[in-house]
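Taking it in order: structure first as C-alpha cells, then the write-up.
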Amino acid sequence: MTARTLYDKLWDSHCVAELPDGSSLLYIDLHLLHEVTSPQAFSNLRRAGRKPWRVDAALATPDHNVPTVLRELGLGGFDDPIARRQVDVLERNCHEFGVPLFPLGDVRQGIVHVVGPEQGLTLPGMTVVCGDSHTATHGALAALAYGIGSSEVEHVLATQTLRGRKSKNMAVVVDGVLGEGVVAKDLALHLIGRIGTAGASGHAIEFRGDGIGALSMEARMTLCNMSIEAGARVGLVAYDRVTQAYVKDRPFAPAGPQWAGAVRHWQDLHSDHDAHFDRIVGIRAEDVAPCVSWGTSPEMVVPISGAVPQLHEARDDVQRGDWSRAMAYMGLEAGRPIHGTPIDKVFVGSCTNARIEDLRAAARVLRGRRIDPRIKLALVVPGSGLVALQAEHEGLDEVFTAAGFEWRAPGCSMCLGMNADRLEPGERCASTSNRNFEGRQGRGGRTHLMSPAMAAAAAVAGAIVDVREL
Amino acid sequence: MQPLSRHRGIVIPFDRANIDTDMLLPKQYLKSLDAYGFGDFLFDDERYLDHGEIDTPVANRRINPGFVLNRAPYRHGTVVLAQANFGCGSSREHAVWALRDFGVRVLVAPSYGDIFRDNCFNNGLLAIVVEQPVVDRLFQLVRSRNVVEVDVDVAAGTLAVADETWKFMLEEGRRQNLLEGLDQVGETLMLADRIRCYEQRRRAAEPWVFRHTRQDPD
Ligand code: SF4
C-alpha cells in the first residue's frame, strides 16, 4: 500500500462512497451545533418532513450571541430580544428533534470548539463538523474536523454524511522549541504572516516536527484553530502520548475495556514516514517572536519589534491597495513601530485562547499588577463553564478582577461582538481572538491579535508591549 | 435551489483581495432565523453611513452614495468580480444568501475561501475561478467602459465579454448540480443503504465512536 498522510488515512476511513462526479461521501462522527448557523437547517428538515439520521452523534450548545453577564437569569438575562429568540429556538429545535443540548445554565455550556474536546466528544480518528469555520480546532486531536455552511448542517443532520472533494496535503514543520514568552498563538500568526491568508487554501495542513510534539494539547488546539486564517479548512496534529493523556478520563471518552481498544486503534493516526505532501513549509521555532497584527487581515502581522510596513514593500498593486486601506481603517501610518501603540480595550477569550492554559498565562502576567487607567474595559471570557470553574478553583478569577479585568460568563463574546461586548468606532483592542477584519469586534473597531500573555501585558502597559520585557 | 445554465449580467467590481464574509454580511444579521431577506444588508458597513440592526427599516438608513452597490449601473449588477481569496473567514452561509438576495448569480475571482465557495454552489451561485490575467483584463474592461456585461455558459464552461471569451474549469458534480438544481439531501438519501452498511462496519471496528452524546457519561 502506498504511504499515506494522516489526512489521507482519516479521509479513507470515513469514505462511504465514491460518487460518479468525482466527489466522495464522507461519514460524520460528531456534529456540533450552535444557535446561529442551525435554525435554517432545522427549518428545512422540518419542511421536508425529514428526521435527523443519528441524534446521538450531535451536540448543541449556545455560544455566539449569548450575553456574558446575568447568566443566572438564563434566557431572562438577554437584553437583546432577537438574540434571545435565537437561543430559545435552538433549545426548541433540540427538544423537537431529540438533539442533545448543553443549555445556558449547564456548567458544560461554552464555545463549541472548547466544549467538544473538553468533554471527550471529539476523539482521535473522528470526523467532526460544525457550522463554524474554526472547527479545525478539533484537528489537534488527530480528528478530521472542518467548518461547514448551514446547507451542509442540514445535510449532516439528515444523512450523517457530507459530500466533499479531497484537499491537497500540506505540512508545516516546526523545528525546535519556542522561546520563553513565545506561544502557539505566535506560531499561528507567524505562519499566516508568512504564507498569507490564502497560503493554504485548498490544502489540509498537518503541523509536524519536534516543535509541535513539544506543545500541549491546548496549544495545539490554538494552532489548528487558526488554520482557517491561513486558508486551510483543516488543521491536524498526529496522535501521540500528549493526545492520549488529554483524552483519557474525559466524560464521553471510551472507558473500561473499550479504552485499550481505542488506544490501539489510534496508534496509527499519523502520517506514514514516507508520505507525500504537496507542499511543505518549514519554520524554525527560534525565529518566532511574540507577534501582533497591525491591519485588518490576519496576514498583516509583525513581530513585536516590527513596524507597520511601508507601501513600497507590497508585493503588487492589489496588496498595496489593501495595505493602505487597512492603515487608514486602523489609524496607523506606514513605518510606525507596533510597540507602544495605545490600547482602549482588552479581550481575553474566544475558541483560540479561552482554555485554562490561556487564562493561566494571562493571569501570570497580571498577578500583583493593575491594568493601566487608560484601559476602558478589560474582559476575560472563559471558553466554557468548566474552564471558568477550574479557573475559579485556582483563584485566577481573583487575579483578573484584582488587576481590573471583568470576569465574565462563557461564550464567543467580543470575538465577534454579536452580544453586547464590542468595540465602539475607533476603539483599539488587544485581543486573543482570531480575526481582525474590519468591524469584526464592532463597527469601526480596531483589533490587534496577540497571545493571552501579550494581551495581559498590553492591559498593564495601556499599550502594545513585549511581554518578555515586563 | 434555482438551476443555472446561462447568465448574462452586469459586473460589480471589487478591486480588493481578502474580502471576508464579515464584510459581506456583518454579524448582527446572523440573528435571523431565515435563509432569505439579506439582500439589503450585503456589504452593510460600507453601503450605509449609519449602523443598522436586523429590525432597522432600510428606508430610514443613510446611504453611502459613493459605494459601488449604491451606484448605477452596479446596483443592478449580478456578477461579482473580485481579487484573491474572496469570501474568506467565517463559514456563515448568510453571506451567500445576501449575495443571492441582492441578485448575484455569478462570481469571478482568482480564488475563494473554501467554505464560502461550497456555500455558493449549495445555493445555486456559480463561483468561477480564473487566472489572474483574466481578472486583470476584466478589471481593465470595467475601468475603461464603466458598464461591462458578461455572458456565462455553465454547460460550455465559458465566460465572455463582447468578443472576448475565456474558458473556466468547473468540477463535474458542481456543473450538474447547477444545471439541474438538485436537492442534495434527497440525492444522498438514495444512498441510505450504503450509509447503513458503512455504519455497521464502523460500529464493529470502533464501537466507542457510537457511544455518544445521548448516553450519560460514566
Ligand atoms: S469564539 Fe469567535 S471564532 Fe470561535 S466560534 Fe466563537 S465567534 Fe467563532
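Residue by residue, here is whether (1) within 16 Å of A:Arg163 (Cα to Cα); (2) touching an Asp or Glu at 6+ places or on another chain (Cβ under 7 Å); (3) in the same structural domain as B:Leu81 (by TED's automatic domain parsing) holds:
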position	(1), (2), (3)
B:Val147	no, no, yes
B:Gly157	no, no, yes
B:Phe168	no, no, yes
B:Gly173	yes, yes, yes
B:Leu191	yes, no, no
B:Arg194	yes, no, no
B:Pro207	no, no, no
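Which one of these is within 16 Å of the ligand (Cβ to nearest atom), at the interface with another protein chain (Cβ under 9 Å from one of its Cβ atoms), touching a strand residue (DSSP E or B) at 6+ places or on another chain (Cβ under 9 Å) and under 21 Å from B:Phe121 (Cβ atoms): A:Gly164, A:Gly147?
Checking each option against the conditions leaves just A:Gly147.
What do you reckon, is A:Leu90 closer than 17 Å to A:Ser150 by Cα, hydrophobic (A, V, I, L, M, F, W, C), part of a strand (DSSP E or B) and outside the structural domain of A:Leu223 (by TED's automatic domain parsing)?
no
On the given criteria, is A:Asp21 over 25 Å from the mean Cα position of the chain (by Cα) and farther than 19 Å from B:Leu33 by Cα? Full working, then the answer.
Numbers: over 25 Å from the mean Cα position of the chain (by Cα): yes; farther than 19 Å from B:Leu33 by Cα: yes.
So A:Asp21 fits the description; yes.
Which of the numbered conditions does A:Asp12 fail, given that it passes all the others? Conditions: (1) facing chain B (nearest Cβ under 9 Å); (2) in a helix (DSSP H, G or I).
Only one criterion is unmet by A:Asp12, namely (1).
Counting only residues that are free of Cβ contacts under 8 Å to residues at least 60 places away in the same chain, within 16 Å of the ligand (Cβ to nearest atom) and within 10 Å of chain B (Cβ to nearest Cβ), how many does segment A:424-447 have?
3
For B:Leu49, all conditions in the list (1) more than 14 Å from chain A (Cβ to nearest Cβ); (2) more than 15 Å from B:Met23 (Cβ to Cβ) hold save one; what is the number of the exception?
(1)
Restricting the search to segment B:102-118, which residues are hydroxyl-bearing (Ser, Thr, Tyr) and either assigned to a loop (DSSP other than H, G, I, E, B) or surrounded by fewer than 21 Cβ atoms within 10 Å (Cβ to Cβ) (or both)? Spell out the reasoning first.
As a first pass, look at segment B:102-118 and keep what is hydroxyl-bearing (Ser, Thr, Tyr): B:111-112.
Of everything in segment B:102-118, just one residue is hydroxyl-bearing (Ser, Thr, Tyr) and either assigned to a loop (DSSP other than H, G, I, E, B) or surrounded by fewer than 21 Cβ atoms within 10 Å (Cβ to Cβ) (or both), namely B:Ser111.
Step by step: first the residues of segment A:87-119, then only those that are touching a strand residue (DSSP E or B) at 6+ places or on another chain (Cβ under 6 Å) and away from the ligand (no atom under 16 Å from the Cβ), then the one that is farthest from the other protein chains (Cβ to nearest Cβ). Which residue is that?
Applying the filter and picking the extreme gives A:Cys94.
Among what's in segment A:403-423 and is within 14 Å of chain B (Cβ to nearest Cβ) and outside any loop (DSSP other than H, G, I, E, B), pick the residue that is nearest to the ligand (Cβ to nearest atom).
This residue is A:Cys415.
For segment A:365-391, how many residues meet the condition of being among the aliphatic types (A, V, I, L, M), more than 14 Å from chain B (Cβ to nearest Cβ) and either within 16 Å of the ligand (Cβ to nearest atom) or in a helix (DSSP H, G or I) (or both)?
Selection size over segment A:365-391: 9.
Quick check, is A:Val234 within 10 Å of another protein chain (Cβ to nearest Cβ), farther than 26 Å from A:Gly383 by Cβ and among the aliphatic types (A, V, I, L, M)?
Considered against the rule, which asks whether it is within 10 Å of another protein chain (Cβ to nearest Cβ), farther than 26 Å from A:Gly383 by Cβ and among the aliphatic types (A, V, I, L, M), A:Val234 comes out as no.
Looking only at segment A:150-159, decide whether some residue is in a loop (DSSP other than H, G, I, E, B), touching a helix residue (DSSP H, G or I) at 6+ places or on another chain (Cβ under 9 Å) and either touching a residue at least 12 places away in the same chain (Cβ under 8 Å) or more than 16 Å from the ligand (Cβ to nearest atom) (or both).
No, segment A:150-159 has no match at all.
List pairs: first in segment B:96-123 and within 20 Å of A:Ile228 (Cβ to Cβ), second acidic (Asp, Glu), Cβ under 6 Å, 6+ apart or cross-chain?
Hits for this filter: B:Asn119/B:Glu93.
What's the number of the only condition in (1) under 23 Å from B:His76 (Cβ atoms); (2) surrounded by 14 or more Cβ atoms within 10 Å (Cβ to Cβ); (3) touching a residue at least 40 places away in the same chain (Cβ under 8 Å) that B:Leu182 fails to meet?
Every listed condition holds for B:Leu182 apart from (1).
Determine whether segment A:120-128 contains at least one residue that is in a loop (DSSP other than H, G, I, E, B), within 16 Å of the ligand (Cβ to nearest atom), touching a helix residue (DSSP H, G or I) at 6+ places or on another chain (Cβ under 7 Å) and not charged (D, E, K, R).
yes
The values are calculated or read from the model by the stated rules, or taken from the named source; none is laboratory data. Since the model is a prediction, treat every value here as computed from it, not as a measurement. FYI the Cβ positions are ideal-geometry reconstructions off the backbone, even for glycines, and counts take in every protein chain you see.
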